[in-house]
Amino acid sequence: MSRLDSPPVHPVRADALTIRRRHLKTTRLASVILAGILMASNGFGQPLEVTDMKVTPGGISLGWSSVTDRYIVAQSPSLTAGSFQYVSAVLSSNKWTGPVNTDSAFFRIRAVRRPSFADAKLGSAARSAIPVKYEPTNEVYDIDFEAIEAFDFSGRAITNAAGIEYFTGLDSLLCFSNSLRRLDLSASTRLARLDCRHNILTNLSVSGSARLAQLDCSENQLKALDLSGNPALTLLNCGTNQLGSLDLSSNTELQRLGCYGNLTLTNLNISQSARLRALNCGSSSLSNRLDVSHNPLLTNLACSSIKATRLDVSANASLTSLECANNLMTNLNVSQNLNLVRLGCRGNLLTNTLDLSSNTRLTELDVYANRLTNIIIGGTANLTRLDIGSNSKLKGFDTTRLTNLTELSCANNGLTTLNVASNRALTSLSCPYNSLTSFDFSRNPVLERLDCSGNPNLSSLNLSSLAAAKRLYVGSCKFSTLDFSPNTKLEELNCSGNSLLTSLNILRCTNLTSLTCTENPSLLGVDLSANTRLESLSLGGGPNGMGAITGISSVNLIHNTQLKTLHITLCPMGVVDLSRNSELITVDIDNTRMGFVNVSDNLKLQELYVNNNRLGSLDISQNTQLKTVNCSYNLLTRLDISANTNLTYVNLSGNAVTEIVVWWPNPTKLPYPITL
């Protein structure tokens, strides 16, 4: 179907000829008054002279002088721009005859051009977006794009948007994830939504888009952004650019603003945005210049990492969420923010007392890494998440009234005791790096996650009261034995750094998927036969040779067929059998005195680290997915990597290699470095 079968209701350019015809009702077409401008622009700045206007038995006939371009005729019963409809095909001649079906008719003649796109990929996307073409359909003209209201050419590696000006009827444009440097939409007067994020834009023009309501231009390289011509804007995301200032004084309808990640942003004018509800200006240089006193409807404010030493939110009574982490504030007053539900102010310099007695609706509080000595909490019944860690002077904080608490973190506070008996809803407890000597979890039946690592005097743990536990971190303590038989739901376990640990029982932990058991020099062995779901295993010493396990000379992995990641270091092993571990992706067996390793059954292997062993040979011919190989400091004299075409890194240093077999079309220029 052509456009002549169903002509669009769409404005045509006003720079063309206007002719008016009036019917006398007494006799149809008997008397006609034709009036018009005999000279008009043809759309290319050249004069268009009308040479012939006359009534015909079928309607009206028009003729004009220029035939150097293509033309199209539009008709309307009035001069209202939106009521004009194209009534002709694209004409290559300078004459047109057509019917007149109303008592009063106006005609416009406009030149038609063949579109030109600087980027062929944009041209292809544009042509594919044309819903219905004008006659003749074997050609593409600029008018074919006018009726398109939504255009999406995202993720097509397009570098040039020249030609987008043909889309004068656009309501929505999605062009994110390309490589555009410039985008001029000044001709898109109907545009309401624009998403051009994740390009490399240095210039963006939307000055003619007065109806623009939503704009996302984040993740570009914009140093300036003029939005003075966009009074209807309600949502703006210009985060992660290079803006130094942002003036939104003309955007009185703005409700959501994201200008985060503009590291050079020092000035933000939102004084006229009284309807603003959400603001994220984090990771900028606004410092104390952030002014939200004119935004009474603000509910969400995120201003972390802006180098602020003070913050005034006294005028923001509607505030429900405040995130002001990683600043330089010594005091924070939220006494006027009675609706506050979430407060995050970690990484500041808050001292003495934080008074939250007025904030009875608070459910989440994060004051990690400050200098507080006291916290006054008003809404004890509502608080569910609390992080008071790294406040070294906050040693006696009482949680007994926080009966709905589900998550508690009090790491690095110098605690010697911790009472969580009243917190029966607790599902996560993190209390590492304190001076705790004992725990009582008998009143915490739903505790799923416990991190008590780094308590050097903690020597016993009642694991029978942790039947619901799925993740346990009990490293760097004073345990000599650990029996996890009661913890059948356990999925992740880290028991590293227990220098006195001699026995580890995980035979009933059949749901275990991750085990980290390093730097336990006294450990005599570990039975993994029941842990058939294990996907990640780390066993042996730690960095810089710490905590070598000399008592483990072998490890049986034949039952761990789901294993994907294996780290074994600083254990005196001769051979590790990997024949049943076909899912392995990463293998790191270093500093083990291993004399032989067989990886021929590990076809999914991508990373292989077998450095500092006693390998005399290494066969990786079956491991075609390998990307990284480190076999330094062994006894190798030859290595064949001709089958490993996906390699990006090879380290052979510290060997006596005399021959390397490689495959590459140009063997004198390897695609990856080989360190010898």
Where Rh is the Kirkwood radius over Cα pairs, Rg/Rh for the chain
1.15
So the carbon and sulfur contribution to the accessible area of the chain, 1.4 Å probe, in percent, is 47 percent
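Let me check against my output: what whole-number percent is the relative contact order of the chain, with C-alpha pairs under 8 Å and at least 6 apart? Can you show the working numbers first?
Details: 2033 pairs, mean separation 24.3, N = 676.
Value for the chain: 4 percent.
Trypsin sites (Lys or Arg not before Pro) within the stretch 428-494: which are DSSP loop residues with at most 15 other Cβ atoms inside 10 Å?
Numbers: sites: 443, 449, 470, 471, 478, 489; in loops: 443, 470, 478, 489.
Answer in residue order: 443, 478.
What translational D, rounded to a whole number of µm²/s, comes out for the stretch 559-670 from Stokes-Einstein when the hydrodynamic radius is the Kirkwood one over Cα pairs, at 4 °C and 1.567 mPa s?
On the way: Rh = 14.2 Å.
The calculation lands on 92 µm²/s.
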Sequence gap at least 6, Cα distance under 8 Å: using those rules, report the relative contact order of the stretch 220-334 to the nearest whole percent.
18 percent
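Does the stretch 173-275 come out rounded, prolate or oblate, given a ≥ b ≥ c as the square roots of the eigenvalues of its C-alpha gyration tensor, rounded meaning a/c under 1.5 and, failing that, prolate meaning a/b above b/c? Intermediate results must be reported in sequence, preceding the final value.
Numbers: a/c = 1.71, a/b = 1.07, b/c = 1.59.
Oblate.
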Ignoring chymotrypsin sites (Phe, Trp or Tyr not before Pro) buried by more than 14 other Cβ within 10 Å or outside DSSP loops, the longest site-free run in the chain is 45-662
Rounded accessible area per residue of the chain, 1.4 Å, Å²
43 Å²
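Do you know the relative contact order of the stretch 371-420, to the nearest whole percent, from alpha carbon pairs under 8 angstrom that are 6+ apart? Kindly include the intermediate steps, with their values, before the conclusion.
Numbers: 69 pairs, mean separation 21.0, N = 50.
After rounding, I find 42 percent.
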Go through 489/564; 223/307; 489/627 and tell me which ones have a Cα-Cα distance over 28 Å in this structure.
489/627
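Please state the charge dipole magnitude for the chain, taken about the Cα centre, from unit charges on C-beta atoms (+1 on K and R, -1 on D and E), reported in debye and rounded to the nearest 20. Mind showing how you got there, number by number?
Working: 56 positive and 50 negative charges, 292 e Å.
The calculation lands at about 1400 debye.
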Dipole-positive endmost among 639, 238, 92 within the chain (Cβ charges, Cα centre):
92
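Send over the semi-axes of the stretch 478-576's equivalent ellipsoid, whole angstrom and largest first, taken as the square roots of 5 times the C-alpha gyration tensor eigenvalues. Don't jump to the answer; show the numbers that get you there.
Working: eigenvalues 77, 52, 25 Å².
Equivalent ellipsoid semi-axes, largest first: 20, 16, 11 Å.
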Considering only 187, 524, 200, whose Cα is most displaced toward the positive end of the charge dipole of the chain, charges sitting on Cβ of Lys, Arg (+1) and Asp, Glu (-1)?
187
For the stretch 429-495, taking Cα atoms only, what is the radius of gyration to one decimal and the Dmax to the nearest whole Å?
10.8, 29
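The values are calculated or read from the model by the stated rules, or taken from the named source; none is laboratory data. Bear in mind that the values here come from a model prediction, so they are computed numbers and not experimental data. Note that each Cβ is placed from the backbone with ideal geometry, even for glycine, and that neighbours are counted across all protein chains shown. The area values use the complete protein model at the heavy-atom level, side chains included, leaving out ligands, DNA and RNA. Shrake-Rupley method; radii C 1.70, N 1.55, O 1.52, S 1.80 Å.
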